């Protein structure tokens, strides 16, 4: 491996982490403003024009806050836990392609717009996402506080349960893209986005990712009323900021993953193909398209938070295991069947996938509805 | 020394230290974390051997799923620290003898075996790629694969049967 490649890796890594960090700062502002708008308030608008410097003010405040460490806490793990939460969130984005490639002026060197395109990119995502559970569990345990402990246990149970359905949604995208490399998956969506072929799969993906990043309505681990903020109730100052940071960074990265797997990634909208607005024409359009998609997906997450109340914990687990898991298994089967039919009898049969999967989704909704009714009748 | 060799020795040191820490630690949570570190190091070994698929599977299955469940159970039971030395009396001598036998065997193989040095053939480009592993799993090893899945299913059903409440108990 030559030196230039090393330098390229390091520069790209720095740029990516810087981008995710800036994104985190402005996502907090975006969320507060959007939530305020939905609740007919104005939101933070004092620091700078339209509250533009609010994240800076927040950061300064958090840095100067007093840091407390409980006397009976496990000191080593107490310090380690926020770090173990934030690092996976930051390195998760490494395999996501932001665009194609361009040639560096003067040096005549092709530069790709992704840190690494490994042939097991999707597996990298699942591996790193599963590591992220540790930080939260250990934060709950090391605080030596019953509320924090319960929060940590809840979150680990929840994240493990929803990881299964999430993994199956990854499988759907792998099947459709015929590769585990995210770049290949994006290129396979040139003409048709996977959300069109597998709409129910995309929906399940978005629901499970909400649970994975512990966002409302699945923000069980930090239910304020029951758990006094959950796993991070003993944390303050910069250590708390790291947990906060991890949650919002994960929101960004997971929106990037959703955009890459189901919404065409950095590719232009299908009707812009072959025009000057195509990524093949101007390489710098790739990151812009991806950013647009991410902003829309993030708005959906914020919207959900503003609209839906929290689900009760046992129902959350029942929903994950009894509804989402069988449904996503069925979707994997349907997808494989559709691809087989398309390979055997012609490309038109690929449309059996959306028809059958919407049917499966409707059956699932009906069954849930019936069982809920039975419960109400019993009560 | 090539960079690969240096990386190997550093990783080996970390792996051994993590394993020792796991065995000797008196706090079960720390032991579990040392085991996670060990799994992570082994995953890096796989990457050094040009098998990223196996490496990432190792991380997501062992470090990501199994050890999280271990931690979960440890915390749920609240048995973080071991009671001071309640080992069975015959355990230590037996372990000592077994360890001696193992060391002897390893030493014999290392020093007295007739070895002719040869070159290890370079693995083919597609070795350990997802496609290759999948092909091997579903053609050559189909029966063991299916048997394993049946075993796991039985274990799962068993766990559910054990936790289910008897009928006629407290209603929902």
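Read-outs: derived from the displayed coordinates by stated rules, not from any lab. Because the structure is predicted, anything quoted here is derived from the model rather than measured. We place every Cβ from the backbone using ideal geometry, glycine too, and count neighbours over all the protein chains shown.
For residue A:9 and residue B:153, what does the FRET efficiency come to when R0 = 45 Å and r is the distance between their Cβ atoms, rounded to the nearest 0.05?
0.55
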If you build a Gaussian network model of chain A, linking Cα atoms that sit under 10 Å apart, which residue out of A:84, A:149, A:317 swings the most?
A:317
Which residue fluctuates the most in chain A, going by a Gaussian network model with Cα springs under 10 Å, if the choices are A:173, A:89, A:34?
A:34
Quick one: Cα centre-to-centre distance for the stretch A:14-28 and the stretch A:172-224, in angstrom?
22 Å
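Which of A:232, A:378 has the fewest other C-beta atoms within 10 Å, and how do the rest follow up to the most?
A:378, A:232
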Fewest to most neighbouring Cβ within 10 Å: what's the order for A:128, B:160, A:15?
B:160, A:15, A:128
Long-range tail of P(r) for the stretch A:302-379 (Cα pairs > 19 Å, %)
55 percent
Theoretical gain in end-to-end length, residue B:142 to residue B:50 [0.36 nm per residue, Cα-Cα removed]
30.7 nm
log₁₀ I(q)/I(0) of the stretch A:2-147 at q = 0.10, 0.15, 0.17, 0.21 Å⁻¹, via Debye over equal Cα point scatterers, no solvent, to two decimals?
-0.57, -1.06, -1.14, -1.21
Computed on alpha carbon atoms, what radius of gyration and Dmax characterise the stretch B:1-81, expressed in Å?
14.2, 48
Report the residue, chosen from A:95, A:20, A:60, that carries the largest GNM mean-square fluctuation when chain A is represented by alpha-carbon nodes joined by springs under 10 Å.
A:60
Of all C-alpha pairs within chain A, those more than 30 angstrom apart amount in percent to 44 percent
Sorted from fewest to most neighbouring beta carbons within 10 Å, what does the list A:58, B:50 look like?
B:50, A:58
